[in-house]
Amino acid sequence: MRIDIITCLPRLLESPFSDSILKRAQQKGLATVVVHDLRDHAPNKHRTTDDYAFGGGAGMVMMIEPIDNCISQLKGERTYDEIIYMSPDGDMFAQAVANALSLKENLILLCGHYKGVDERVREHLITREISIGNYVLSGGELAAAVVADAVIRLIPGVLSDETSALTDSFQDGLIAPPVYTRPAEYKGWKVPEVLLSGHEAKIAQWKYEKSLERTQKRRPDLL
Ligand code: SAH
């Protein structure tokens, strides 16, 4: 899978993809993340990508031309399954959306900044809009990193244990059970006995019961 992220602040996206799971996914050739600096696609030598809003009002608006130039260039190179604008009023991001996107081959994530992008970008240049929650960020970069992370970790082979992503919260409609590691006792606080028993079936049953219990308690809406 390839994810192209378009931003006017590429530095904000340097670290999320250069460590741990997302870094390894790229090293293994399972995912490619390419960050594009919108200023490279600005039509003038000042590399301007934003301007005042028509009709007045506070805040700058991202211009359509650099965005169109960048998207057109990318579309000339390959076919994109989705061109997604990160937007607080877009479709709500959730595990099911991540699952669906992880099956795609090429995605573009467009990050807004300031007051957002010229409305004509949303009308003519993108295929969908995604929000990561009902709050407003200063830019789409962190939202794009969230989406890319959630999607890339689902690609087979990215997580070392093949079943790992399947046992995470939300995948089977349940919240993940609690997890423990050594020491088996700390300050008198003990790990549940069954987990130390080595009895696979009993452990699986315990995990399922805890998942159910936790979901009932914390997220009854999922049941
Ligand atoms: N004026 C806009 C907010 C702009 S915030 C409004 O009121 O709706 C600047 C940029 O941050 C947006 O263009 C978008 O790309 C990104 N952004 C902010 N909140 C977001 C969220 N919850 N999910 C996804 N992207 C978001």
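The values are calculated or read from the model by the stated rules, or taken from the named source; none is laboratory data. Since this is a predicted model, take the numbers as computed values, not measurements. Positions of Cβ are generated from backbone atoms using ideal geometry, with glycine treated the same way; all protein chains shown enter the neighbour counts. Accessible surface areas use protein heavy atoms only, side chains included; no ligands, DNA or RNA. Shrake-Rupley method; radii C 1.70, N 1.55, O 1.52, S 1.80 Å.
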Computed ³J(HN,Hα) along the range 68-73: with the Karplus parameters 6.51/-1.76/1.60, θ = phi - 60°, integer Hz and x for glycine or proline, the list is 4, 4, 5, 5, 4, 4
Net charge within 14 Å of Leu9 by Cβ-Cβ distance, Lys/Arg positive one each and Asp/Glu negative one each, not counting Leu9 itself? -2
Taking K and R as +1 and D and E as -1, what net charge do the other residues with C-beta under 14 Å from the C-beta of Thr79 add up to? -1
How would Thr181, Thr163 rank on accessible area, largest to smallest, probe 1.4 Å? Thr181, Thr163
Got a sec to turn the phi values of the range 184-195 into Karplus ³J(HN,Hα) couplings, 6.51 cos²θ - 1.76 cosθ + 1.60 with θ = phi - 60°, whole Hz, x for Gly and Pro? 5, 9, 9, 6, x, 8, 9, 6, x, 3, 4, 5
Tell me what the chain gives for mean residue ellipticity at 222 nm when only DSSP H runs of n ≥ 4 count, each as -39,500 (n - 2.57), the sum divided by the residue total, rounded to 500 deg cm²/dmol. -9000 deg cm²/dmol
Using a 1.4 Å probe on the protein heavy atoms only, what accessible surface does Met86 show? Give it in Å² to the nearest 10. 10 Å²
